[in-house]
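Throughout, read-outs are computed from the coordinates displayed, never taken from laboratory work. In this text, all values refer to a predicted model and were calculated from it rather than measured experimentally. In this analysis, Cβ positions are derived from the backbone assuming ideal geometry, glycine residues included, and neighbour counts consider all displayed protein chains.
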Amino acid sequence: MIKDNFYFILKERLDYARDYLKDTSAYLQSVNFQKKVKKEFYKDKFLLNILVTLIYLPSSLVDYFEYQKSIFYFSKASKEVEILKQELGKYKN
């Protein structure tokens, strides 16, 4: 198949999606690391943990939903990379 303009658009999109996966993966790992740090910090401070959790409950809920949204977009971008590879494979033949 002749490499037309659409091939280069797909190739550019694949590069962008891979960068997005790399950045999102780093963000998710960072959030998980912060959860471990928080758990370890509050290990022996039970009352302080409850107090801080109640005070920051609204922002914690927003953070949780953003985390879930990031997981959703990560899986969506992962599927997009698979499909882009398939489409670009058609141009190899």
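A few points about this structure:
- For Cα Rg over 2.2 N^0.38 Å, the candidate list reads (i) 1.00; (ii) 1.18; (iii) 1.65; the entry that matches the value derived from this model is (iii).
- Candidate lysines for bridging to Lys76, where Cα separation is under 18 Å - those fewer than 8 sequence places away on the same chain excluded: Lys11, Lys22, Lys85
- Across segment 55-64, coupling constants 3J(HN,Hα) worked out from phi with the 6.51/-1.76/1.60 Karplus curve, θ = phi - 60°, read 5, 9, 4, x, 6, 5, 5, 4, 4, 4 Hz, and Gly and Pro carry x.
- Taking trypsin sites (Lys or Arg not before Pro) as exposed when DSSP calls them loop and at most 12 other C-beta atoms lie within 10 angstrom, the chain has its longest site-free stretch at 46-93.
- Loop-located chymotrypsin sites (Phe, Trp or Tyr not before Pro) in segment 21-93, at most 13 other Cβ atoms within 10 Å (DSSP): Tyr56
- At full extension, Asp19 and Ile71 could sit 17.2 nm farther apart than now, given 0.36 nm per residue minus the alpha carbon distance.
- GNM flexibility winner over the chain from Ala26, Ala17, Ala77 (Cα, springs under 10 Å): Ala26
- Other residues with beta-carbon under 15 Å from the beta-carbon of Val52 carry, at +1 per Lys or Arg and -1 per Asp or Glu, a net charge of +2.
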